[in-house]
1. In the stretch 140-176, which chymotrypsin sites (Phe, Trp or Tyr not before Pro) fall in coil by DSSP and have 16 or fewer other Cβ atoms within 10 Å?
2. Using alpha-carbon pairs under 8 Å, 6+ residues apart, how would you state the relative contact order of the stretch 57-177 in percent?
3. Taking only the alpha-carbon atoms of the stretch 100-189, what semi-axes of the equivalent ellipsoid follow from 5 times the gyration tensor eigenvalues under a square root, in whole Å, largest first?
Amino acid sequence: MGSRLEAAREHLRRRLPESLREDPGKGLRESLRNDRGSLAMAVVIWAPVVVLLMAFLVDVGLLISDRTQASDLADQAARRVAQDIDEGWLKTHNVRGPNGEDPGIKVNVDPKTGDCVPDASQYLLDNQIADTKITSCQVTGNPTAQNLYVNPRITVTLQMQYKPLFVGFALKGDTTVTGTGSATPVIPK
């Protein structure tokens, strides 16, 4: 068995070039030197891909952040509307119900349209929020003389413009971000 192994080694030595027969490690060093520049080529190929991926991730992260901000602004605008209560209504309709329930809190709405867009839009103006528009503001469950013991729920929907930083071509330019928020008026006790 040992002679076969020796014969195989001798066969390999004969096949090696003359310079490698004396020092086999030298051949490894030379072959590694011959691969110079292959790493640079990999960097040239993969660097733009990584940069584009990172830019896309930054823009998507900012888009998600703007969606959260749009919902927060809609909540704040709904709270602004919920604070605009009809004080005259509270003074004249302050009778407890047959089961001890408190009378509802009436929110001021536009008498012509019945909505609260002007009041919600005023929140954006007061806080100098640009590129944002209230698309709808609805008050559901506002109390009436016939239905005195309900509390209203204000729902505000708004739209913001999102401008991507890096990859606007992939996100098709500016994007409209929609946010919805709601609030219910409460009188502190």
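We did not get these values from a lab; they are worked out from the coordinates using the rules stated. Note that the structure is predicted; figures quoted are calculated from it, not measured. Note that we place each Cβ from the backbone using ideal geometry, even for glycine, and neighbour counts take in every protein chain shown.
1. Passing sites in the stretch 140-176 are Tyr149, Phe166, Phe169.
2. Rounded, it is 27 percent for the stretch 57-177.
3. Equivalent ellipsoid semi-axes, largest first: 36, 12, 12 Å.
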